[in-house]
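Asks: Sharing a structure below in structure tokens format, with a few things to ask.
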Amino acid sequence: MKRIILIFLLFSSMITFSQRFKVLSGDLKNLKEISEYNITFDYSDLVVHGYESEEEYLAEKMDKRSNEESKAEKFKEDWYLDRVNKYEPSFIYYFNERFKNGEIKVEKNETLQFTIGIKTTWIYPGYTLAAVEPAKISAVLTFFETQKPENILFQVEYKKVIGISKELTYDQGNRIAGAYEKLAKNIVMQLKRL
């Protein structure tokens, strides 16, 4: 029994360590009175785990599918479409669901006074073979005045956020979307402390 508890504690500490965050600027308290945010997503200069660049990753994955050109092109097309169709809606839905009474909400609406900018810096897509290896992402979340983006209220970096896996999925986009859900969960936990 002691061995099981020790393994559980070790595993828990590894998960906590791998999903650490670092405040880069401002103070969480600056967000105390804000109840709604515009939200933006930025994937520029994204690094894919194990590759020098996103382009190198896509080139290799497309090359593996080169015997069927339609599959290669579909892979690349899905890689970009999954951002708008899976990652972003997953983050927004998960975030808003955690504030059932609408205490805080996010939406794509540039007329709102405040914005959360999410810049994804690193992705590990994970895999599904006999088991699921969840996707992971690193991202910087910046809270700022929409009309004055230089006025940063709070900025935090999350490293290697492990995706929520609900099912055995062979769909890479769904695995990565799970990491955006977990990212939403992490920032919601901080906002609920206000």
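The values are calculated or read from the model by the stated rules, or taken from the named source; none is laboratory data. All values derive from a computational prediction rather than experimental measurement. Counting neighbours? That spans all protein chains shown, and the Cβs are built from the backbone with ideal geometry, glycine included. Side chains are part of the model used for accessible areas, which takes the heavy atoms of the whole protein and leaves out ligands, DNA and RNA. Shrake-Rupley method; radii C 1.70, N 1.55, O 1.52, S 1.80 Å.
Asks: At a 1.4 Å probe radius, carbon and sulfur cover how many percent of the accessible area of the chain?
Replies: C and S atoms contribute 54 percent here.
Asks: Which pairs in the list K74/K148; K71/K159; K22/K74; K61/K108; K136/K192; K64/K182 are over 28 Å apart, alpha-carbon to alpha-carbon?
Replies: Exceeds cut-off: K74/K148; K71/K159; K22/K74; K61/K108; K64/K182.
Asks: Given Cβ point charges of +1 (Lys, Arg) and -1 (Asp, Glu) and nothing else, what value in debye, to the nearest 20, does the dipole of the chain about its Cα centre take?
Replies: Magnitude of the dipole: close to 1220 debye.
Asks: Also: Pairs of Cα atoms under 8 Å, at least six residues apart: use those to get the relative contact order of the range 76-194, whole percent.
Replies: The value is 28 percent.
Asks: Mark the label point 7 Å from the Cα of E54 along Cα→Cβ and return the residues of the range 125-145 whose backbone N is within less than 19 Å of it.
Replies: In the range 125-145, the label zone of E54 (backbone N under 19 Å from the point 7 Å along Cα→Cβ) covers 125-126, 135-142.
Asks: With viscosity set to 1.567 mPa s and temperature to 4 °C, compute the Stokes-Einstein D of the range 38-194, Rh being the Kirkwood radius across alpha carbon pairs; µm²/s, no decimals.
Replies: Rounded, D is 78 µm²/s.
Asks: I would also like to ask the following. Determine the per residue accessible area of the range 75-194 with all protein chains present and a 1.4 angstrom probe, expressed in square angstrom.
Replies: Normalised by residue count, the accessible surface of the range 75-194 is 48 Å².
Asks: Can I ask one more? Compute the acute angle (0 to 90°) between the alpha-carbon long axis of helix 54-64 and the principal axis of greatest extent of the alpha-carbon atoms of the chain; round to the nearest 10°.
Replies: Helix 54-64 sits at roughly 30 degrees to that axis.
Asks: Related question: Please give the length that would be gained between E73 and S25 if that part of the chain were fully extended, namely 0.36 nm times their separation in residues minus their C-alpha to C-alpha distance (nm, one decimal).
Replies: 13.3 nm
Asks: Any idea how far the Cα center of the range 18-66 sits from the one of the range 136-163, in Å?
Replies: If you average the Cα positions of each part, the centres end up 9 Å apart.
Asks: Let me ask you something else. For the chain, find the longest principal axis of its Cα atoms and tell me its angle to the long axis of helix 88-97, 0 to 90°, nearest 10.
Replies: 40 degrees
Asks: Provide L31, L129, L194 ordered by accessible surface of protein heavy atoms (probe 1.4 Å), highest first.
Replies: From most accessible down to least: L129, L194, L31.
Asks: What is the helix-to-structure angle for 69-82, meaning the angle in degrees between its Cα long axis and the longest Cα principal axis of the chain, kept from 0 to 90 and rounded to the nearest 10?
Replies: 10 degrees
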